[in-house]
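A short worksheet on the structure shown next.
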């Protein structure tokens, strides 16, 4: 086994151990010593990959983000030619995938980010770009954002064990959020309201003002 392969295996072993520790014991119990014990690596081997606990948390978050980014890219390639809102469809499907995947790793990362809020900068920057893309393609940007926010609410309530809904209900709701046909009447209604609100000021401006 070459050095690069050995290093990659050690890195993944350390990250897998860190995820188990956070999920089982909480982020407060995550230390480089704990990672070494959990993974079977020496502490020097762990420190060769990560100098600090913060570096471990950042690497965990980046790995999770990269995993779902790959899913998003594959889904976007599949729907870009058929969906009227491919960016929205991709993000809804990605959130659904996160909600239905084994969630111990995701929950562990949420807990870690609560302990270290600075880590939120990484996903927030990506989310800002995604939101702008969703708004740019939508006939009704606010409705598109409501669908996006509803999906994320389903994910978070599931992650934290707060949802009273069963898995089948979750799947039906995600399917409805993804179905553009069910949202088109609301989009058309929004267009009508926009047209009316845009026409009223013009008509008012065209009416000559009476002199006193």
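Listed values, structure above:
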{"read-out": "Criterion (modelled with pLDDT of 90 or more, farther than 26 Å from residue 99 by Cα and in a helix (DSSP H, G or I)) met by exactly one of 33, 16", "value": "33"}
{"read-out": "Those helices (runs of 4 or more DSSP H) lying entirely in the range 114-184 with at least 1 residues in contact (Cβ under 8 Å) with a residue 40 or more places away in the chain and on the phi > 0 side of the Ramachandran plot", "value": "none"}
{"read-out": "Failed condition for residue 159, given (1) surrounded by 12 or more Cβ atoms within 10 Å (Cβ to Cβ); (2) modelled with pLDDT of 80 or more; (3) under 22 Å from residue 88 (Cα atoms)", "value": "(2)"}
{"read-out": "Any hit, the range 63-80, residues being more than 17 Å from the chain's Cα centre (by Cα), outside any helix (DSSP H, G or I) and modelled with pLDDT of 90 or more", "value": "yes"}
{"read-out": "Residue in the range 97-114 that is out of contact with any helix residue (DSSP H, G or I) (no Cβ under 8 Å at 6 or more places or on another chain) and closer than 30 Å to residue 170 by Cα present", "value": "yes"}
{"read-out": "Any hit, the range 55-67, residues being surrounded by 15 or more Cβ atoms within 10 Å (Cβ to Cβ) and more than 30 Å from residue 132 (Cβ to Cβ)", "value": "yes"}
{"read-out": "Single unsatisfied condition, residue 188 versus (1) assigned to a helix (DSSP H, G or I); (2) surrounded by fewer than 13 Cβ atoms within 10 Å (Cβ to Cβ); (3) in contact with a helix residue (DSSP H, G or I) (Cβ under 9 Å, 6 or more places away or on another chain)", "value": "(3)"}
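The values are calculated or read from the model by the stated rules, or taken from the named source; none is laboratory data. Keep in mind that what you see is a predicted model, and the values were worked out from it rather than measured. In this analysis, Cβ positions are derived from the backbone assuming ideal geometry, glycine residues included, and neighbour counts consider all displayed protein chains.
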